[in-house]
Protein chains: 2
Amino acid sequence: MSPKITTELLKHLRQVMKNPRYVQEPVQAYIVPSGDAHQSEYIAPCDCRRAFISGFDGSAGTAIVTEQHAAMWTDGRYFLQAAHQMDSNWTLMKMGLKDTPTQEDWLVSVLPEGSKVGVDPFIIPADQWKRMSKVLRSAGHDLVPVKENLIDAIWTDCPQRPCKPLITLDLSYTGVSWRDKIVALRSKMAERKVMWFVVTALDEVAWLFNLRGSDVEYNPVFFAYAVIGMNTIRLFIDGDRMMDPAVRDHLQLDSTLEPEFKIQVMPYGSILSELQAVGAGLSPKEKVWLSDKASYALTEAIPKAYRYLTPYTPICIAKAVKNAAETEGMRRAHIKDAVALCELFNWLEKEVPKGTVTEIVAADKAEEFRSQQKDFVELSFATISSTGPNGAIIHYKPVPETNRTLSVNEIYLLDSGAQYRDGTTDVTRTMHFGTPSAYEKECFTYVLKGHIAVSAAIFPNGTKGHLLDSFARSALWDCGLDYLHGTGHGVGSFLNVHEGPCGISYKTFADEPLEAGMIVSDEPGYYEDGSFGIRIENVVLVIPAETKYNFKNRGSLTFEPLTLVPIQTKMIDVNLLTEKERHWVNEYHQQCRDVVGAELERQGRHEALRWLLRETEPLAPLQ
Amino acid sequence: MSPKITTELLKHLRQVMKNPRYVQEPVQAYIVPSGDAHQSEYIAPCDCRRAFISGFDGSAGTAIVTEQHAAMWTDGRYFLQAAHQMDSNWTLMKMGLKDTPTQEDWLVSVLPEGSKVGVDPFIIPADQWKRMSKVLRSAGHDLVPVKENLIDAIWTDCPQRPCKPLITLDLSYTGVSWRDKIVALRSKMAERKVMWFVVTALDEVAWLFNLRGSDVEYNPVFFAYAVIGMNTIRLFIDGDRMMDPAVRDHLQLDSTLEPEFKIQVMPYGSILSELQAVGAGLSPKEKVWLSDKASYALTEAIPKAYRYLTPYTPICIAKAVKNAAETEGMRRAHIKDAVALCELFNWLEKEVPKGTVTEIVAADKAEEFRSQQKDFVELSFATISSTGPNGAIIHYKPVPETNRTLSVNEIYLLDSGAQYRDGTTDVTRTMHFGTPSAYEKECFTYVLKGHIAVSAAIFPNGTKGHLLDSFARSALWDCGLDYLHGTGHGVGSFLNVHEGPCGISYKTFADEPLEAGMIVSDEPGYYEDGSFGIRIENVVLVIPAETKYNFKNRGSLTFEPLTLVPIQTKMIDVNLLTEKERHWVNEYHQQCRDVVGAELERQGRHEALRWLLRETEPLAPLQ
């Protein structure tokens, strides 16, 4: 990796920062955040503005350019990568280290008095604007919205915003029609006494209308906004994709409908002016509901007194609780995914000893097997295919410079998943194709104990996921070990592989309580820098639990694994398991045999079936 | 309990709310919070203003009186009590119920336009003022500070503010001199670049100067403030207690000292004017450090730009980590406390069958045995002595109306503790003096499993206590049971029995990470309304743990029980314990024998020693 040369680019940017064609008044600093106008985790190439100006293309980072300086804030995952990708024009600000200033404090320390700090009001979330603006103002500076994005102004070969065809999902996939979703949303709006709801997150628009797209890699979403009133539906979306008869039919655009279900299709770019018109026409007590993560531009369109902001929208919460059709779809997707992985691991077992399988080859092979499955659409994230020391890099993605060959002497970690039309998968397995050392088995077994502790946990209805995080760590903690990431995230149904509002993490965030129908990952790990990485990840469904008693009639919950891929028994030190844990492994493997075995049989994949049967032999009873 | 008749009182209060002698402008509402000017948990009789005006004397509640209404906000623990104690002038606002308005929202709904809402600026914490004031202002009202407390104005027989003699603690108790504490504090101040630190919490003043008092029941504190500068020490305290030669000597008031250690003693009431003088004399960049829970009055004395507010003060954090002298003192106190409880339980075992021991008698007997121990000062909180259904009332305190007789047919729960000059204790034991039912034993055993899970937990340095809370519940959750309170609180060293900044709770609060030397309680429970209550509480010390590995060189921690009182084995269903748990119980009981047995022997308490030996017989091996 050689750094991107940014001298000319920065010069150009500093020119437009003073050019009245782009800014009302010159700005002394310009902030380039990571995100897009929808605060997405994964973004389209045309939104990779921070990577364009700096060269650093990690998933998290904020660039700030002043007349004298260019600085990049990113976190521990990316210190090395950012240092490699950026030239000497840039100062790396290592977030999480004690002496690293915040962006605001740094700005205050370098700016001349009374400076203006510019930012694209569509990219910065309203809550972040508020925080920054307050600090800057108290130091005598001003945070100002710059309507035209200044990176776009100098990015001459900026790729076009994607505008790919849409996929319509019928009731067999979604379980609920978009009309019924609108009805449910309006009832939530009525409860909170709001008249309008603004849908800004891409996966929320997709979920609400039972549509999918492919504008962003790995995430089946499309660029759009929606504004839902008590009697109106406005969908802001570009391109001729609205001319597709299937889409018109799905949205009933040409049918005679009750007016409150008539969808008005408007240009994507008109969201701001339309929202301003809504804002201007509000009567007293008419509120507009927005996510508090929505952009500053859209939030400001509604006068403050009329805003109703929440960390999680009613769509985010409804989307997290999967209905029967979605759950069944997720089950089918996970069975197909397991078939692909049985094929892959059977193939690796034969090929790895030959010394010809690299991390990239293995990742490609995994994709190949997945793509043979029905309704496969694409991967759900960049495959983490890592062997030996690369396994200890938690967000590793093999590239030619780092690509390592799998061998019988090293642990192999594969974290991968796919989008199928009926569901989204995300699974990690850690394998050894030779003979693991006693220490490797010991660490693997602690991770497995943590995985089981979460998966088998029984907890009261209303429990938040963060209260389960320590269960995943307890066996590691007992021996002085740990892992430095959360234990689980919400998973979408043929949608984003990471979604809110629930999760399992030691970090205290405002997670919503777990409820039956939610789907999260369970993925403890252990990483030894320079040696190996271990992670065991299943996607699990929250289900009601039967318990002996029922305190305060609250009911209890537990998890059911949707992922059904064997956990390599060769890596388990059975003597470290309790009888209950051994039983859990055997039950899990029996389920893999029953369910995935039947599908392998049906698909005529006999060699993979033999592999599955061998890998799921019950663990011998404890001595 | 008959309600307090408040008609005349309220009439009188409404008069002074309009009387220019007390208020600059009439106030249309007056808020009476629970606390005192130090935001204490336990308050002196002269500060029980809310109880005076309403009759409701629970530990938490806020009264608001308008021209038309009188309303009381309190939480679920006190709904019944408040309803009994208040007359029909009052509306009970049940906090935590969905339809209960917040104080601010209620005020907005009942007040005429442009109202003034008054509150004593010394009683309301600054953070709460900020929140309320914002909501009221946005609705066109004003929150205004009323300097003279309007309850005091009508409380003709208000008790005097206590002003009891002080106790000086020498190095053998405190381990660190007050001079060294000042030096350490100034170094923290220098780190944060603040010039002044304002000590507002009573236990922080007491800790800093190695003094104790008895102005507030159960809490060995005294009414005082302190303001520490880089070169000055001001102590605001009333009464002739500063004339006590022991105190003068301890504080070196009459010695020739370096000026930066010279304590200026000032009247308690002059804190505001002195702080205003400090505030007026600040040069740019000179900051003043205050707790964000400090009163609005004191916070406002410092111009906003000069304030440095934190949730936990450096004294709060330093105080939480006990040094060797404090730890040894706590050990001694707990051994003496265990001696008293062995005596008590031996006595109860003989007396209960006679049917003459009531909850109050048992509580008094516990106090009697404790008072026989060296350096006993007072109880550390009101004894919870409860049998049968009373045990299910978590904050129960026996009074003649509820006083129940202990019997061989009911579970008895005793949660009690004392202040000794060398340490503070807090212990709960649940006993049966007859034959417990299988169900009672089952529930007790789950609670015990939770207690052990926390006590024996090993966790990385830097872990926050709230991450351990679920360990205490896991065994209960497995059977559909739970308890509706936190698992542990910080404990002071001959100071408040509840102190920050650490704790173990499912509630997400900004707890500081646990570190070696901190002391917390471990007290899971199970409560069955109308039948019984179970709680097992030890005070435990955070200590370094030896582990097989040491991830990232972080080190690990665990707990050592300071409380050494037998856990009734009769109540344990041994078949529900793991081998590890059985071993823990036997080890714990062996320690009780060794340590408390020796002390009983030394004190010649042979009958109690025989009781101890019988109660600490090892549990038989599992079948």
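Where a number appears in this text, it was derived from the coordinates with a stated rule and is not lab data. Just so it is clear, the structure is predicted and the values come from calculations on it, not from any experiment. Positions of Cβ are backbone-derived with ideal geometry, glycine not excepted, and every protein chain shown enters the neighbour counts.
Straight-distance candidates among the lysines for linking to A:Lys94, with alpha-carbon spacing under 26 Å and chain neighbours fewer than 8 residues away dropped: A:Lys4, A:Lys11, A:Lys116, A:Lys130, A:Lys134, A:Lys293, A:Lys397, A:Lys507, B:Lys188, B:Lys193, B:Lys464, B:Lys552. Take the Cα coordinates of chain A, assign each an equal point scatterer, and use the Debye formula without solvent to give log10 I(q)/I(0) at q = 0.05, 0.11 Å⁻¹. Rounded to two decimals, the profile gives -0.24, -1.17.
By DSSP, the beta bridges lying fully in chain B are antiparallel in about 70 percent of cases. Converting phi to 3J(HN,Hα) with the Karplus coefficients 6.51, -1.76 and 1.60 and the offset θ = phi - 60°, the stretch A:485-493 yields 8, x, 9, x, 9, x, 10, x, 9 Hz in sequence order, with x at every glycine or proline. 3J(HN,Hα) along the stretch B:428-438, derived from phi through the Karplus expression 6.51 cos²θ - 1.76 cosθ + 1.60 where θ = phi - 60°, amounts to 10, 10, 10, 10, 10, 9, x, 10, x, 6, 4 Hz, with x in place of Gly and Pro. Taking the alpha carbon gyration tensor of the protein assembly as shown, multiplying each eigenvalue by 5 and rooting it gives semi-axes of 53, 42, 31 Å, largest first. The Rg/Rh ratio of the stretch B:250-336, with Rg taken over Cα atoms and Rh as the Kirkwood radius over Cα pairs, comes to 1.09. Taking only the alpha carbons of the stretch B:327-439, we obtain Rg and Dmax values of 14.0, 42 Å in that order. In the stretch A:365-500, the inverse of the mean reciprocal separation of distinct Cα atoms equals 16.9 Å; this is its Kirkwood hydrodynamic radius.
For B:Met266, nonlocal amide neighbours, meaning residues 5 or more places apart or on other chains whose placed amide H falls under 5 Å from its own, are B:Leu235, B:Phe236, B:Ile237. A Cβ-based charge dipole, computed about the Cα centre of chain A with Lys and Arg at +1 and Asp and Glu at -1, lands at about 1280 debye.
The mean count of C-beta atoms from other chains within 10 Å of the C-beta of residues in A:551-560, rounded to a whole number, is 3. Using a/c under 1.5 as the rounded threshold, could you call the stretch B:1-141 rounded, prolate or oblate? The axes a ≥ b ≥ c are square roots of the C-alpha gyration tensor eigenvalues, and prolate needs a/b larger than b/c, oblate otherwise. The shape class here is rounded. Counting every C-alpha pair in the stretch A:208-250, the share spaced more than 13 angstrom apart comes to 63%.
Placing +1 on the Cβ of every Lys and Arg and -1 on the Cβ of every Asp and Glu, with nothing else charged, gives the protein assembly as shown a dipole about its Cα centre of roughly 1660 debye.
For a distance above 14 Å, tell me the whole-number percent of Cα pairs in the stretch B:174-214 that qualify. Everything past 14 Å amounts to 52 percent. In terms of overall dimensions, the C-alpha atoms belonging to the stretch A:300-353 reach 67, 29, 14 Å along their principal axes, ordered largest to smallest.
Rounded to the nearest 10 degrees, the angle from helix A:606-615 to the longest Cα principal axis of chain A is 80 degrees. Give the residue list of trypsin sites (Lys or Arg not before Pro) in the stretch A:33-113 that are DSSP loop and have at most 16 other beta-carbon atoms within 10 angstrom. Here the sparse-neighbourhood loop sites are A:Lys98. Taking amide H positions as modeled 1.01 Å from N, with prolines and chain starts lacking one, the residues under 5 Å from B:Arg307 and 5 or more places away or on another chain are B:Val288.
DSSP beta bridges fully contained in the protein assembly as shown are about 70 percent antiparallel. The sum of -39500 (n - 2.57) across all DSSP H runs of n ≥ 4, divided by the residue count of the protein assembly as shown, sets its helix-only mean residue ellipticity at 222 nm to -9500 deg cm²/dmol.
The trypsin sites (Lys or Arg not before Pro) found in the stretch B:455-548 that occupy coil by DSSP, while having at most 12 further C-beta atoms within 10 Å, are B:Lys507, B:Lys548.
Projected over all directions and averaged, the alpha-carbon convex hull of the stretch B:9-60 occupies 4.2 nm². Across every direction, the projection of the convex hull enclosing the Cα atoms of the stretch B:274-400 has a mean area of 12.7 nm². Across the options A:Ala201, A:Val227, A:Ile237, the greatest Cα extent toward the positive end of the charge dipole of the stretch A:201-269 (unit charges at beta carbon of Lys, Arg, Asp, Glu) belongs to A:Val227. The C-alpha atoms of chain A define a longest principal axis, and helix A:579-591 lies at about 80 degrees to it. Among the trypsin sites (Lys or Arg not before Pro) within the stretch A:343-377, those in coil by DSSP and having at most 14 neighbouring Cβ atoms inside 10 Å are A:Lys374.
Between 0 and 90 degrees, the angle of helix B:126-138 with respect to the longest Cα principal axis of chain B falls at about 50 degrees.
Using a 7 Å projection from Cα along Cα-to-Cβ, the label point at B:Pro145 is separated from the same position in the remaining copies by 3.7 nm, smallest value first. The amide H of B:Gly61, built 1.01 Å from its N in the peptide plane, has B:Ser34 as neighbours under 5 Å, considering only residues 5 or more places off or on other chains. Sequence-ordered 3J(HN,Hα) estimates for the stretch B:347-356 from the Karplus curve with 6.51, -1.76 and 1.60 and θ = phi - 60° stand at 5, 4, 4, 7, 8, 4, x, 6, x, 10 Hz, glycine and proline given as x. The Cα trace of the stretch A:130-286 gives Rg and Dmax of 18.4, 58 Å, the first to one decimal, the second as a whole number.
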